[in-house]
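Input: a single structure, listed below in structure tokens.
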Amino acid sequence: MDSTATSDHDNGGIGRRQLLSAVGGSAVAAALAGCSTLLSDGETADQGGQSGDEISDEPIQAGLLTFTRGAPGVLGIQAQRGAELAVQRINEAGGVGGQREIELDVVNEGSNPLDSYNQFIEEGKEVTFGPISSGTHSQIAPEVEKNEIINVSTDGTVTTLYEETVPDPTYSFRFQNYDIMEVVTMAREAVERIGADNISTVAGVNPGYSFGEDEMRVFTQAIQKLTDAEIVYEGFPELGASDMSNHITSINNEEPDVTFSSLWGGDVTTFVRQANANDMFENTTVFGTTLYSAAGDVPGDALAGTDIYSGSRNYYWGKPALGNWQPGRELFDAATQQEGVTVPTAHYMSGYGAVTAWATAVEKAIDLLGTYPSQEQIAQVLEGHGFFTPAGYHNMAEDHQGASNSFAGQMVYDDDLGAARLDDVNTYAATETAPPPGITGSDWLDSWSA
């Protein structure tokens, strides 16, 4: 990253202190927002009432639950690399509070994730991040509340988490846009791309566990409010299934106007390969929430001739255009130099953003208190906390749910990039895709005019 001092003129008239104020008033906040070049004149950001001897220099022990191998690892490694870059930037900026660096312990989510989470707590972790799976998140969220140690989830986006599982959370937070947001994005995208009058039949192929079932339920409710569509097929393959031919055959038999899918990671590659080989894309247009999670995994020949539109949750690396947005360009360049990342996806930002949400909240608490905050004090600051990343501005709503813009476009293969990209991208504001805090997703969708 360029260490040359940057003048006000170089930043469109925004001064160093003005921008520091905007991103949170600290070197860590500026670094995480992608503005660390503004700190190179040797000055230190104002830390309010903090005095150096009131904060320990003991490293912060943190844990991340994510998938590190197999089909889910296509997504999980993205979250890991994003979290690692955020930690690297925090430590290079002097650590949290100017003194405490972070040591991040990464553990594969695997088949016994609750055991791994409990091990983090036994080891004395001060904060945990993750998980990826909605099933895992539903298991650990009640434990987070019992342990009173903050967890900021990277994914685990099931809609019912904060409606039913932990309806009044204190220590459990989620950075990523959740199911209803990404599903409503794709329902609106389907209407935008092919028109409500052209959608009379809908099929679905979604992962066979709580996440996929939740996404299909929400999509059905949303699309039937926007159109007169009939659901003609629902398939739920197991995570990591090697054969999806029965679902593809059913879709070819029904020839639905729209096929909705929340397949993710390596399952996307399996599905797209087999669907293309069986001419499925001649019979339907696919709209998926997380298909772009396989951007660096799905090969060009599998995407050739397909008609696929994918969402990208709360981040797409081409928005704003990299040539116009230096923090975005710097993140893209840093990410693509990491092992296992061809292009950063929304799941990369889920790792980066979860760490950023927590770290900037701690810095804000330090600024207010003049000392290192307790778990309860950090949780209080995280509620309603707004912060910047290279993807723009994010907000942690009072219901502990992250709320950001979402993106959707046609998924095509880019030979120069060596990966998939999204073409003709649409942006949807959180107010278009999420219910207000305190309103359940189902009640909000029911309130739409048919």
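The values are calculated or read from the model by the stated rules, or taken from the named source; none is laboratory data. Keep in mind it's a predicted model, so treat the numbers as computed, not measured. Quick reminder, even Gly has a Cβ in these numbers, built from the backbone with ideal geometry, and neighbours come from all protein chains shown. Surface areas here come from the heavy atoms of the whole protein model, side chains and all, with no ligands, DNA or RNA. Shrake-Rupley method; radii C 1.70, N 1.55, O 1.52, S 1.80 Å.
Step by step: find N for segment 142-259, compute 2.2 N^0.38 Å, then divide the Cα radius of gyration by it. What's the final number? All intermediate terms of the calculation are to be shown ahead of the outcome.
Values: Rg = 16.9 Å, N = 118, 2.2 N^0.38 = 13.5 Å.
Taking the Cα Rg and dividing by 2.2 N^0.38 Å, one obtains 1.25.
How compact is segment 92-181 by the rule of thumb for globular proteins, expressed as Cα Rg over 2.2 N^0.38 Å?
Compared with the compact-globule rule of thumb, segment 92-181 sits at 1.12.
Evaluate E = 1/(1 + (r/R0)^6) for Asn278 and Glu54, where r is the Cβ-Cβ distance and R0 equals 51 Å; express this FRET efficiency to the nearest 0.05.
0.20
Which whole-number value in Å² is the accessible area per residue of segment 273-331, probe 1.4 Å? List each step's numbers first, then the result.
On the way: 2080 Å² over 59 residues.
Solvent-accessible surface per residue comes out at 35 Å².
Dipole of the chain, Cα-centred, from +1 at each Lys and Arg C-beta and -1 at each Asp and Glu C-beta, to the nearest 20 debye?
Taking the Cα centre of the chain as origin, the dipole is about 540 debye.
So if we plug the beta-carbon distance of Asp168 and Glu238 into 1/(1 + (r/R0)^6) with R0 = 41 Å, what FRET efficiency do we get, rounded to 0.05?
It comes out at approximately 0.80.
Say we join alpha carbon atoms closer than 10 Å with springs in a Gaussian network model of the chain; which of Ser261, Ser111, Ser133 then has the biggest fluctuation?
Comparing Ser261, Ser111, Ser133 in a Gaussian network model of the chain, the most mobile one is Ser111.
Provide Trp444, Trp358 ordered by accessible surface of protein heavy atoms (probe 1.4 Å), highest first.
Values: Trp444 35, Trp358 5 Å².
Sorted by accessible area, descending: Trp444, Trp358.
Rounded to the nearest whole Å², what accessible area per residue is found for segment 46-188 with the 1.4 Å probe?
Heavy-atom accessible area per residue stands at 34 Å².
Could you tell me what percent of the accessible area of the chain is made up of carbon and sulfur, with a 1.4 Å probe and every protein chain present?
Working: 7040 of 16800 Å².
It is 42 percent, rounded to a whole number.
Would you mind computing, in nm to one decimal, how far apart the modelled labels at Asp115 and Glu148 are, each placed 7 Å from Cα along Cα→Cβ?
Output for this residue pair reads 2.9 nm.
If you average 1/r over all unlike Cα pairs in the chain and invert the result, what Kirkwood radius do you get in angstrom?
22.1
For segment 165-210, what ratio Rg/Rh do Cα atoms give with a Kirkwood hydrodynamic radius?
On the way: Rg = 15.4 Å, Rh = 13.6 Å.
Reported Rg/Rh (Cα atoms, Kirkwood Rh): 1.13.
Let's test this: bin the Cα-Cα distances of segment 357-450 at 10 Å from zero up to the farthest pair and state each bin's percent.
Here the calculated profile for segment 357-450 is 14, 29, 27, 20, 9, 0.
Within the chain, which whole H helices from DSSP have a Cα span along their axis of at least 30 Å and a mean Kyte-Doolittle hydropathy of 0.5 or more, if any?
Working: long enough: 70-92 (33 Å, -0.04); 346-369 (33 Å, 0.53).
The qualifying helices are 346-369.
Which value in nm describes the separation of the simple spin-label points at Asn246 and Ala321, placed 7 Å from the Cα toward the beta carbon?
4.9
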